[in-house]
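Report on the following structure.
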Amino acid sequence: MLRIRKTRWKVVYFVVGVVLIELLSRFVVSRVLPEPIETVVGQVLAVVLFVGASRTFRGRGEPIVPPRVWWRATARPTASYVIAATFTADALIGVLLAAVQQGNSVLGLISSALLAAFFFNSAIRLQRFPQPKVPDPIPLPRFKPIKR
């Protein structure tokens, strides 16, 4: 199973994922499916992107090989709280936009609320049941070249 540990690769994962979702939505799904179903497909792909990230990303001191338990979304509770707050803000902004008739998707609100709940659950459980630390692998020594 793929495991991503370095921050730069995590950023690449999300950038590539968002670009692929946007390209699929604009050039494939919008030409094949009607608009309401296109929205459903886009939201499902976004949720899959975040759930996939929670399954493949690993934090410092977290074991690499075994899969995470189902409720564990991040390596630290603070990260889960920050992501959950972001999804909560997204859902609240969606509610405010829907209240002033800006045409926001109800499915987007539901998916943001569900992802926020998933990350809040993870943060609370990570505080209650912290995972034991696993030491980072020992780096191989770097030898200096021999000068002649």
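Note down the nm distance, to one decimal, between modelled labels 7 Å out along Cα→Cβ at residue 92 and at residue 2.
Reported label-point gap for residue 92 and residue 2 is 3.4 nm.
Residues with amide H under 5 Å of residue 57's amide H, sequence separation 5 or more or different chain, H placed in the peptide plane at 1.01 Å from N; which?
4
List the relative contact order of region 1-128 as a percent without decimals, with contacts defined as Cα pairs under 8 Å and 6+ residues apart. It would help to have the intermediate numbers written out before the result.
On the way: 114 pairs, mean separation 33.8, N = 128.
Reported as a whole number, the value is 26 percent.
Roughly what angle does helix 35-56 make with the longest principal axis of the chain, taking Cα atoms, 0 to 90 degrees, to the nearest 10?
Once rounded, one gets 20 degrees.
Distance in nm between label sites at residue 10 and residue 60, each 7 Å beyond Cα in the beta-carbon direction?
My value for the distance between the label points is 1.1 nm.
Please check: in the Gaussian network model of the chain (C-alpha springs, under 10 Å), which one of 91, 99, 53 has the largest mean-square fluctuation.
99
Express in nm, to one decimal, how much length is gained between residue 148 and residue 121 on full extension, taking 0.36 nm for each residue of separation and deducting their alpha carbon distance.
Details: separation 27, 0.36 × 27 = 9.72 nm, distance 6.10 nm.
Full extension of this stretch gives 3.6 nm more.
Reachable aspartates and glutamates from residue 6, Cα under 20 Å, same-chain residues fewer than 8 places away excluded?
List returned: 62, 136.
Hey, got the dipole for the chain? About the Cα centre, +1 on K and R Cβ, -1 on D and E Cβ, debye to the nearest 20?
So the magnitude is around 1440 debye.
Roughly how many nanometres apart are two label points built 7 Å out from the Cα toward the Cβ at residue 110 and residue 70?
Once both label points are built, they end up 2.0 nm from each other.
Using only the Cα atoms, work out Rg/Rh for region 1-120, with Rh taken as the Kirkwood radius, to two decimals. Don't skip to the answer; put the middle values down first.
On the way: Rg = 15.8 Å, Rh = 15.7 Å.
So for region 1-120, dividing Rg by the Kirkwood Rh gives 1.01.
Throughout, read-outs are computed from the coordinates displayed, never taken from laboratory work. All values reported here derive from a predicted model rather than from experimental measurement. Reconstructed Cβ throughout: ideal geometry from the backbone, glycine too, with neighbour counts over all protein chains shown.
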